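Data first, discussion second: the structure below is written as structure tokens.
Taken together, the values in this text are just the output of simple stated rules run on the coordinates, not laboratory data. Remember, it's a predicted structure, so these values are computed and weren't measured experimentally. Backbone-built Cβ (ideal geometry, glycine too); neighbour counts: all protein chains shown.
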Amino acid sequence: MAYIKRECIDQILHRVSLLDVASAHTQLKRVGSQYSGLSPFQTEKTPSFFVNPEKNLFKCFSSGKAGNLFHFVMETENLTFPEAVETLAHRFGIELEYESGGPSREERSLRQELLEIHDLATAFFHEHLMAPGEASETTRNYWTEERQFPLSLALEEKIGLSPPNGDRLWETLRRKGLSREALNRCGLFYSRDNAPPDRPLPARFRHRLMIPIKDLQGRVIAFTARQLPITPEDDPTHQAKYINSPETPLFQKNQILFGLDKARPNAGEKNPFLLVEGQLDVLRCREKGLTTAVAPQGTAITENQLALLRRSGAGVEVMLDSDQAGLKAALRIIPMALKIELPLTFLPLPEGADPDSWLLREGTGAFQELRQKQSRHPVDFACEALFPAAQRETASPEEKLQAAKKFFGLLESCESSILRSEYLQRAAPLLNLNETTLISEFDRHLSNQQHYRPAPPRGETPDPANEATKPLTRSEKVLLQICLQHEEIGEATAQIMDPVWLATDFLEGRLLARVLADFQHDMWQGAQHIDHLAETEEERTFLASLLFEEFSFPEPWKQADVEIRKIFTRYYRAKMKEIEIAIANTGTLYNDDTLFLQRKRLELRKLKTQPPSLQPSAVSHSHHASKED
């Protein structure tokens with residue numbers, strides 16, 4: 001196995017800003033010397049994620065995760081450490097070197113191979129579209145004449161054409177030395193586990209318009225393929241207008257929004273995301289200058305996808321198709337958005353219209369007019385959809401109740417009492433009901449829902465029983481903090497402290513023992529290079545949290561001295577008690593075991609008369625003298 005050289009890892013840490021990488025996942029705002037935003041690891045409403053740009057570290061207080069640049073990429077992209085290093089090196093153009101001359105194809109990560117396959121396939125499909133030939137010309141005409149997109153957009157987005165069979169693509173990829181496993185799992189071919197290794201796998205996409213799907217970093221991870229007049233009739237997916245890549249290690253449909261890589265930098269508090277239905281809708285929006293358009297991947301929008309938008313700090317305008325399917329999809333969005341407190345407005349299109357054809361026909365001016373004059377609050381949109389105005393005046397009490405219950409179904413996932421109150425107040429006249437009656441009925445509706453539970457408290461009350469049994473390792477933690485911040489104190493502490501004094505049954509004691517061992521054996525490389533000391537995820541997170549947090553010790557030498565004495569005193573008392581019990585249990589006053597225990601007791605008593613102590617001036621003088629020597 002070839003290992004990445006330490007110098008390359010250090011170079012990435014030095015050159016790549018965690019702030020820049022994290023900003024692709026959540027909107028960050030400056031708070032003093034740090035930046036904060038919503039957690040990229042889980043859905044939340046109050047920012048609990050912090051980045052320290054000076055230390056290139058993060059801390060997420062809601063999930064408990066913490067670490068450096070590599071750990072962030074590992075957590076957000078589900079990578080191993082070598083994969084995270086390779087990903088960052090590739091993304092920022094840093095050449096990697098390996099201890100044994102570089103990894104073989106078998107040693108490279110599957111993700112890296114899959115990314116390379118998609119890069120090569122994107123170029124292959126695009127070249128096929130732009131090449132001379134009848135099929136390519138037919139497809140270009142479809143793009144420019146039937147769909148009325150400019151060819152420049154196809155060039156910019158690397159739109160492509162898949163050939164009638166996949167043998168050419170297969171051979172292109174095989175010539176690059178890509179593994180059979182990666183080709184089997186990339187989604188471009190139908191998987192055949194038992195197929196002969198020298199035979200090509202059958203292509204999934206045949207004579208279709210190929211639209212690359214990208215992740216937040218702009219890397220191609222999948223494709224959407226649009227049916228064409230030349231799509232072969234013997235293709236098993238011939239009747240499907242659109243087909244997507246299957247889910248792969250790179251591509252999970254419910255975690256990706258098409259176009260988010262380009263939309264996110266343009267979105268903000270005053271420029272909301274524009275949620276449309278499909279990929280060509282997004283491309284039409286871009287062509288018309290609407291740069292915040294995004295779309296789900298051919299399936300219903302999910303809470304995970306909405307959470308991606310919520311973390312960006314921008315609201316969402318929903319402009320879906322105006323048919324029944326579009327209306328149902330729009331209504332499904334409301335409860336998910338309420339649950340995560342994502343601001344929504346709806347832009348209803350004329351009956352029978354979709355964003356692509358409507359924008360092509362009406363243009364950007366009509367869109368701005370729609371936004372200014374027809375924008376709908378979620379309550380207004382929902383009430384009109386569930387209980388049209390034409391039915392309200394003549395509706396029976398039973399019909400009003402049924403409409404109210406449908407509305408309650410949208411509202412019940414909202415945990416904010418303020419939002420619930422505002423929405424019910426706004427809905428009452430639209431449902432032609434008294435406000436007090438509607439609120440009372442909603443409360444009754446909630447109490448009848450078996451799945452309903454009150455919102456959990458934001459903070460948990462400590463359990464006194466647990467607090468009473470918590471190990472007393474505060475001194476180890478404080479001393480570890482001081483040693484990480486002040487290397488000269490770490491060196492001095494390692495000279496006078498015996499590791500047996502430490503409570504190594506607990507995390508703080510184990511880590512302090514390893515840090516002091518590094519100092520003692522002249523292996524200390526700085527606080528930013530202590531990953532090797534952590535043997536578990538819990539230890540790594542704990543170390544990262546200590547490095548992230550700012551601790552101020554007005555007199556660090558004195559504080560360290562105090563903690564060393566506390567640790568020694570605790571050890572002394574426990575050891576003396578152990579010896580006294582052992583002596584009492586020997587039963588005979590004079591035997592070898594008793595004499596040994598008595599000598600140990602005398603040694604401890606002598607050590608207590610000269611307890612370990614740091615002397616900053618003497619240590620500093622000795623340290624400088626050794627440097628000069």
Please identify the GluC sites (Glu not before Pro) of segment 356-399 that satisfy two criteria: DSSP loop assignment and at most 16 other Cβ atoms within 10 Å. Which are they?
E393
If each part is reduced to its alpha-carbon centroid, segment 166-219 and segment 49-92 end up apart, in Å, by 30 Å
Counting only residues 5 or more places away or on other chains, whose amide H sits under 5 Å from the amide H of R204 once H atoms are built in the peptide plane?
F189, Y190
In order through segment 481-493: 3J(HN,Hα) via Karplus (6.51 cos²θ - 1.76 cosθ + 1.60), integer Hz, x for Gly, Pro
4, 5, 5, 6, 8, 10, 4, 5, 6, x, 4, 5, 5
Of the GluC sites (Glu not before Pro) in segment 1-79, those whose Cβ has at most 10 other Cβ within 10 Å and which sit in DSSP loop:
E54
For the chain, what does the alpha-carbon gyration tensor say about shape, rounded, prolate or oblate, given a ≥ b ≥ c as the root eigenvalues, a/c under 1.5 as rounded, and a/b over b/c as prolate?
oblate
Backbone HN-Hα couplings from phi across segment 57-72 [Karplus 6.51/-1.76/1.60, Hz, Gly and Pro as x]:
10, 10, 9, 10, 6, 7, 9, x, 7, 7, x, 9, 4, 5, 5, 4
Highest mean first, how do 557-563, 202-208, 146-152 rank when packing is the count of other Cβ atoms within 10 Å averaged over residues?
202-208, 557-563, 146-152
D198 to D20: extension gain in nm, 0.36 nm per residue of separation minus the Cα-Cα distance?
59.7 nm
Here the net charge surrounding V51, from other residues whose Cβ is less than 11 Å away from its Cβ (Lys, Arg +1; Asp, Glu -1), is +2
For segment 219-234, what does the Karplus curve 6.51 cos²θ - 1.76 cosθ + 1.60, with θ = phi - 60°, yield as ³J(HN,Hα) per residue in whole Hz, taken in order and with x for Gly and Pro?
8, 6, 10, 6, 9, 9, 10, 9, 4, 10, x, 9, 4, x, 6, 7
Specify the angular offset, from 0 to 90 degrees and rounded to the nearest 10, of the alpha carbon long axis of helix 110-130 from the longest principal axis of the alpha carbons in the chain.
30 degrees
Find which of F387, C285, A22 sits farthest along the positive direction of the dipole of the chain, computed with +1 on the beta-carbon of Lys and Arg, -1 on that of Asp and Glu, about the Cα centre.
F387
Defining a contact as two alpha carbons under 8 Å apart and six or more residues distant in sequence, what relative contact order in percent does the chain show?
9 percent
If every Lys and Arg gets +1 and every Asp and Glu gets -1 at its Cβ, then about the Cα centre segment 110-251 yields a dipole, in debye to the nearest 20, of 280 debye
Taking every other residue with Cβ under 13 Å from the Cβ of R6 and scoring Lys and Arg +1, Asp and Glu -1, one gets -4
What does the net charge come to around R426 if you take all other residues with beta carbon closer than 14 Å to its beta carbon, with K and R at +1 and D and E at -1?
-2
Nearest-20 debye value, the chain charge dipole, Cβ charges on Lys, Arg, Asp, Glu
840 debye
